[in-house]
1. For the range 18-52, what are the residues that are among the polar types (S, T, N, Q) and more than 23 Å from the chain's Cα centre (by Cα)?
2. G62 passes all but one of (1) small (G, A, S); (2) at pLDDT below 90; (3) closer than 19 Å to W88 by Cβ; which number fails?
3. Could you tell me which residue of the range 77-97 is farthest from Y50 (Cα to Cα), considering only residues that are over 27 Å from the mean Cα position of the chain (by Cα) and surrounded by 18 or more Cβ atoms within 10 Å (Cβ to Cβ)?
4. Being among the small types (G, A, S) and open to solvent by less than 40 Å² (accessible area, probe 1.4 Å) narrows it down to one of G165, G112, so name that one.
5. Looking at the range 35-65, which of its residues are open to solvent by 40 Å² or more (accessible area, probe 1.4 Å) and among the aromatic types (F, W, Y)?
6. Quickly run through the range 6-19 and pick out the residues that are surrounded by 13 or more Cβ atoms within 10 Å (Cβ to Cβ) and either in contact with a Gly (Cβ under 8 Å, 6 or more places away or on another chain) or assigned to a helix (DSSP H, G or I) (or both).
7. Within the range 81-103, how many residues are in a helix (DSSP H, G or I) and either under 28 Å from W8 (Cα atoms) or free of Cβ contacts under 8 Å to residues at least 12 places away in the same chain (or both)?
8. Out of (1) among the hydroxyl-bearing types (S, T, Y); (2) open to solvent by 60 Å² or more (accessible area, probe 1.4 Å); (3) within 21 Å of R103 (Cβ to Cβ), what's the single condition that is false for S32?
Amino acid sequence: RVTPAAEWLLDNYSLIEEQIRIARRDLPKGYSRELPQLSNGASAGYPRVYAIALELISHVDGRIDANSIRAFVTAYQSVTALRLGELWAIPIMLRLALLENLRRVVVRIAAGRRERELAGQWIDRLHEVATTAPSEVVLVLAEMVKKNPPLTVPFITEFATRMQGGGAALMFPITWLEHRV
């Protein structure tokens with residue numbers, strides 16, 4: 001199964017690639033090295049205008065518009081004035097920061113998919129044993145506990161959803177999960 005977020009990424013892959021090409025085209029090679037860099041913090045070594053773009057995106061949850069940009073930049077400049085080159089770079093840095101934000105989302109989506117697949121593998125083994133040798137379900141569960149799978153939301157959701165209605169032999173793994181969560 002593909003999650004809605006993953007489906008959106010697949011459907012819009014060409015648009016994402018286009019945004020990367022535009023950013024590469026519009027940002028002259030080496031230009032970001034000429035911009036004032038941050039010397040400490042999580043964005044140390046990056047242009048401060050890029051850090052501003054990242055911060056703006058995190059404050060508005062990725063929903064940027066002209067008013068939010070204007071207000072954020074104005075508030076920033078009430079403390080420290082931006083140089084003309086930084087002001088010029090804001091649109092490009094916003095594009096790059098949005099792409100970085102999207103990259104983080106993709107990493108979470110991919111991790112969730114791996115965790116759901118791992119749950120699916122354990123569920124398939126448990127179902128197989130439950131139909132062939134129900135008394136050995138506890139042994140498969142013990143093996144799973146020993147492997148210590150990540151009890152993340154995707155893993156738990158997949159496990160709980162697919163285990164429901166599996167019969168009496170699978171009640172012990174469901175009870176184990178409930179106690180762990």
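1. Initially, the range 18-52 is screened for residues among the polar types (S, T, N, Q), giving 19, 32, 37, 39-40, 43.
Matches in the range 18-52: S32, Q37, S39, N40.
2. All conditions are met except number (3).
3. First pass over the range 77-97, keeping only residues over 27 Å from the mean Cα position of the chain (by Cα): 77-88.
Still in the list and also surrounded by 18 or more Cβ atoms within 10 Å (Cβ to Cβ): 82, 86.
Numbers: L82: 12, E86: 9 Å.
Step by step, filter the range 77-97, then rank; the result is L82.
4. G112
5. Listed by number, the list holds a single entry, Y46.
6. Those that are surrounded by 13 or more Cβ atoms within 10 Å (Cβ to Cβ) and either in contact with a Gly (Cβ under 8 Å, 6 or more places away or on another chain) or assigned to a helix (DSSP H, G or I) (or both): A6, W8, L9, I16, Q19.
7. Total meeting the criteria: 16.
8. If we test S32 against (1) among the hydroxyl-bearing types (S, T, Y); (2) open to solvent by 60 Å² or more (accessible area, probe 1.4 Å); (3) within 21 Å of R103 (Cβ to Cβ), just (2) comes out false.
The values are calculated or read from the model by the stated rules, or taken from the named source; none is laboratory data. If you're wondering where the values come from, they're calculated on a predicted model, not measured in any experiment. Don't worry about glycine lacking a Cβ; one is built from the backbone with ideal geometry, like all the others, and counts go over all protein chains shown. Surface accessibility is based on the protein's heavy atoms, side chains included, excluding ligands, DNA and RNA. Shrake-Rupley method; radii C 1.70, N 1.55, O 1.52, S 1.80 Å.
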